[in-house]
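Notes to accompany the following structure.
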Amino acid sequence: MSQRHHPSISQAIATLASGMLFGFGLALSTMIQPEAVLEFLRFENFGLMLVMGGAVLVTMVAYKGLPRVRSKPLLGGQFQQHASHWNRDTAVGAAIFGLGWGLCGVCPGPAIAALGVGNWDLLYALAGIALGALVQGVNKLS
């Protein structure tokens with residue numbers, strides 16, 4: 001049985017600040033606008049490709065480089081490696097996610113960020129995302 005980790009105040013503040021920075025970046029890059037995402041998916045707007053490529057590059061440098069520079073994370077704990085497990089459920093889930101993203105141009109992170117700028121229509125998409133997660137969770141239990 002795994003132990004539950006209770007974050008410190010500094011970890012909670014860092015998490016909140018990271019989330020706010022992420023949401024600001026999504027808004028600034030127009031990823032919170034389903035129309036812009038759909039233009040990207042139809043190869044009509046390549047600006048989001050630069051945004052996504054930049055995000056992948058920063059993440060890759062952080063995940064691979066930070067453990068070489070620091071022995072422990074700034075706010076405690078340890079760096080960990082997580083194995084990637086691909087199976088039928090992962091492939092089906094990825095396909096469903098991709099279809100939903102392609103049909104409506106909404107991804108969970110940008111949808112939540114879009115609520116911050118008053119795009120309340122995305123509540124419908126978030127309700128669908130939550131329902132899908134609930135169905136998947138119930139499926140796993142049975």
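Table for the structure above
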| item | result |
| --- | --- |
| Inter-residue pairs, beta-carbon under 8 Å, first on the phi < 0 side of the Ramachandran plot and in the stretch 46-75, second modelled with pLDDT of 85 or more and aromatic (Phe, Trp, Tyr), 6+ apart | Phe46/Phe40; Gly47/Phe40; Leu48/Phe40; Met49/Phe40 |
| Selection within the stretch 26-45 - out of contact with any Phe, Trp or Tyr (no Cβ under 9 Å at 6 or more places or on another chain) and touching a residue at least 24 places away in the same chain (Cβ under 8 Å) | Leu26, Ala27, Ile32, Gln33, Pro34, Glu35, Ala36, Leu38 |
| Meets criteria (surrounded by 10 or more Cβ atoms within 10 Å (Cβ to Cβ) and of a type outside the set (Gly, Ala, Ser)) for Val61 | yes |
| Selection from the stretch 87-117 of residues that are in contact with a helix residue (DSSP H, G or I) (Cβ under 9 Å, 6 or more places away or on another chain) and not in a helix (DSSP H, G or I) | Gly105, Val106, Cys107, Gly116, Val117 |
| Exclusive hit being of a type outside the set (Ser, Thr, Tyr), part of a helix (DSSP H, G or I), at pLDDT 85 or above and surrounded by 14 or more Cβ atoms within 10 Å (Cβ to Cβ), set Gly25, Gly54 | Gly25 |
| Sole exception among (1) part of a loop (DSSP other than H, G, I, E, B); (2) within 20 Å of the chain's Cα centre (by Cα); (3) surrounded by 11 or more Cβ atoms within 10 Å (Cβ to Cβ) for Gly77, by number | (2) |
| Members of the stretch 118-142 that are outside any helix (DSSP H, G or I) and modelled with pLDDT under 85 | Ser142 |
| Condition check for Ser84: over 23 Å from Ala17 (Cβ atoms), of a type in the set (Ser, Thr, Tyr) and either touching a Phe, Trp or Tyr at 6+ places or on another chain (Cβ under 7 Å) or modelled with pLDDT under 85 (or both) | yes |
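The values are calculated or read from the model by the stated rules, or taken from the named source; none is laboratory data. Note that the structure is a prediction, hence the values are computed from the model and not measured. Note: ideal-geometry Cβ built from the backbone for every residue, glycine included; neighbour counts use all protein chains shown.
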